[in-house]
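**Student:** My questions all concern the structure below.
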Amino acid sequence: MLSGEDTWCQGYSEPDAGSDLASLTTRATREGEEWVIDGQKVWTSGAHHSDWIFVLARTDREAPKHRGISFLLVPLRQPGVEVRPFRMMSGQLHFNEVFFDGARTRADLVVGGVDNGWTVAQSLLGVERGEEAATNPILFRAEVERLVALARQYGKDQDPVIRQRIAWCWSKVEIMRFLGYRILTGWLKGAEPGPETSIAKLYWSEYHTKVTDLALDIMGLHGQVPAGRPPLRTYRTDDPGAANSSASWSTTYLIARSGTIYAGTSQVQRNILAEKVLGLPREPRTQAG
Ligand SMILES: Cc1cc2nc3c(=O)[nH]c(=O)nc-3n(C[C@H](O)[C@H](O)[C@H](O)COP(=O)(O)OP(=O)(O)OC[C@H]3O[C@@H](n4cnc5c(N)ncnc54)[C@H](O)[C@@H]3O)c2cc1C
């Protein structure tokens with residue numbers, strides 16, 4: 001992975017298991033020295049150019065739904081796997097459906113032990129939510145600077161309401177920086193990713209929808225130009241002209257919305273914080289859960 005020879009993708013979500021991930025039904029059955037996998041994943045980013053997928057699969061169907069799940073490493077390029085990319089409304093390819101029909105992987109390619117995949121998945125999601133603690137404040141600060149340049153370009157830099165909104169963005173990024181320090185300090189001391197990663201994820205993703213709202217407000221009708229630039233995130237600082245183009249901001253505006261969904265939606269993060277940090281009553285669970 002480090003050398004970039006193998007590209008990996010994440011096989012968690014299923015058609016009926018997104019926020020309620022523990023409802024997943026993809027199953028793996030042990031046959032001799034192999035696991036045989038059947039089921040379907042969806043929204044799998046980058047599967048169309050990946051070599052491997054880590055799959056959450058049910059290995060004990062009798063166990064309660066958060067147990068009996070294993071975290072398997074599965075080669076994608078094999079006869080039992082079909083990867084079907086689908087095109088987004090922006091015209092780009094990013095997501096896939098991944099179908100497993102008797103796909104196979106070696107018996108020892110299980111992370112964290114058989115039937116212990118839920119713990120591994122939670123830990124990995126915590127890292128995914130907090131991984132940008134160090135870099136986000138830098139990237140978002142650069143974005144605010146581009147926003148200031150955009151306001152000047154459109155002659156809005158003396159507009160008191162726009163100035164107030166830009167100042168709000170600047171102060172939010174400063175708070176993000178201190179949140180990031182708090183997370184990194186915990187991790188450097190050896191703490192496992194905890195609910196503080198939900199605060200970080202909720203904070204930056206909701207912020208990003210607001211800052212891109214502002215960019216489009218500054219651009220007026222130019223902001224309605226269809227998104228034309230392909231990158232998943234547009235944080236370039238070396239090319240301010242391109243980064244300030246309406247196409248770039250309108251693409252970033254769309255991408256910002258997805259930030260409130262992947263790695264657990266904003267509502268899911270609020271549930272985690274309500275239950276694990278504030279100690280509010282748990283959401284009603286189904287009998288199976
Ligand atoms: C850009 C992007 C990349 C992604 N990449 C991957 C990937 O590589 N691999 C992968 O496995 N998945 C991936 N996903 C899928 C992502 O993890 C799911 O979309 C997400 O977990 C939400 O699940 P869902 O889409 O099924 O929505 P649902 O779970 O059906 O949710 C629908 C709505 O109901 C709300 N909701 C659901 N439950 C509750 C509740 N208990 N309380 C309050 N509100 C609730 C949600 O917040 C949401 O607004 C990606 C998604 C995006 C947007």
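**Student:** Let me know the Rg and Dmax you get for the chain when you use only its Cα atoms, in Å.
**Tutor:** Spelled out, the Cα radius of gyration and Dmax of the chain are 21.3, 72 Å.
**Student:** At 1.4 Å probe size, with no ligands or nucleic acids counted, give the accessible surface of R58 in Å², nearest ten.
**Tutor:** Here the residue's solvent-accessible area equals roughly 30 Å².
**Student:** Taking K and R as +1 and D and E as -1, what net charge do the other residues with C-beta under 14 Å from the C-beta of R30 add up to?
**Tutor:** -2
**Student:** So for region 8-115, what are the equivalent ellipsoid semi-axes in whole Å, largest first, each being the square root of 5 times an eigenvalue of the Cα gyration tensor?
**Tutor:** They are 23, 16, 10 Å, listed from largest to smallest.
**Student:** Within region 1-67, list the GluC sites (Glu not before Pro) lying in a DSSP loop whose Cβ has at most 16 other Cβ atoms in a 10 Å radius.
**Tutor:** E5, E33, E62
**Student:** Quick one: what do you get for region 125-277 if you divide its Cα Rg by 2.2 N^0.38 Å?
**Tutor:** 1.08
**Student:** Just the number, please: carbon plus sulfur as a percent of the accessible area of region 8-115, 1.4 Å probe, no ligands or DNA/RNA counted.
**Tutor:** So the carbon and sulfur contribution to the accessible surface is 50 percent.
**Student:** In percent, what relative contact order does region 8-115 have, based on Cα pairs under 8 Å that are 6 or more apart in sequence?
**Tutor:** 30 percent
**Student:** Which order do the peptides 11-19, 195-203, 157-165 take when ranked by the mean count of other beta-carbon atoms within 10 Å per residue, highest first?
**Tutor:** The densest-packed peptide leads the list: 195-203, 11-19, 157-165.
**Student:** Taking just the C-alpha trace of region 34-75, give me its Rg and Dmax in Å.
**Tutor:** 11.7, 35
**Student:** Here's a follow-up. Given labels modelled 7 Å from the Cα in the Cβ direction, how far is it in nm from V225 to S19?
**Tutor:** Here the modelled spin labels are 3.7 nm apart.
**Student:** If you line up the long axis of helix 160-188 against the longest principal axis of the chain, both from Cα atoms, how many degrees apart are they, to the nearest 10?
**Tutor:** The helix 160-188 is inclined about 40 degrees to the chain.
**Student:** If you find the alpha carbon centre of region 247-280 and of region 177-222, how far apart are they in angstrom?
**Tutor:** 9 Å
**Student:** Let's test the formula: R0 of 25 Å, r as the Cβ-Cβ distance of S123 and F86. What FRET efficiency results, to the nearest 0.05?
**Tutor:** About 0.25, to the nearest 0.05.
**Student:** Can you give me the accessible area per residue for the chain, using a 1.4 Å probe, in Å²?
**Tutor:** Ligands and nucleic acids excluded, the figure is 53 Å² per residue.
**Student:** While we're here: Could you work out the helix-only [θ] at 222 nm for the chain, with each DSSP H run of four or more residues adding -39,500 (n - 2.57) and the total divided by the number of residues, to the nearest 500 deg cm²/dmol?
**Tutor:** The helix contribution divided over the chain gives -12500 deg cm²/dmol.
**Student:** Right, here's the next one. Given the Cα-Cα distance of A274 and T7 and 0.36 nm per residue of separation, how much length would full extension add, in nm?
**Tutor:** Between A274 and T7, full extension yields 92.5 nm more.
**Student:** Measuring from label point to label point, each 7 Å out along Cα→Cβ, what is the R282 to A167 span in nm?
**Tutor:** Going from the R282 label point to the A167 one covers 4.6 nm.
**Student:** Oh, and also: I'd like the orientation of helix 136-153 relative to the chain: the angle between its Cα long axis and the longest Cα principal axis, in ° from 0 to 90, rounded to 10.
**Tutor:** That helix lies at roughly 30 degrees to the long axis.
**Student:** Right, here's the next one. For region 125-277, what % of the accessible area comes from carbon and sulfur atoms, probe 1.4 Å?
**Tutor:** Whole-percent figure for carbon plus sulfur exposure: 61.
**Student:** Taking the Cα-to-Cβ direction at L73 and at L188 and moving 7 Å from each Cα, how far apart do the two end points lie in nm?
**Tutor:** Those two pseudo-labels are separated by 3.0 nm.
The values are calculated or read from the model by the stated rules, or taken from the named source; none is laboratory data. Please read all numbers here as calculations on a predicted model, not as lab measurements. With ideal geometry, Cβ positions are generated from the backbone for all residues, glycine too; neighbour counts draw on all protein chains shown. Note: areas computed on protein heavy atoms with side chains; ligands, DNA, RNA excluded. Shrake-Rupley method; radii C 1.70, N 1.55, O 1.52, S 1.80 Å.
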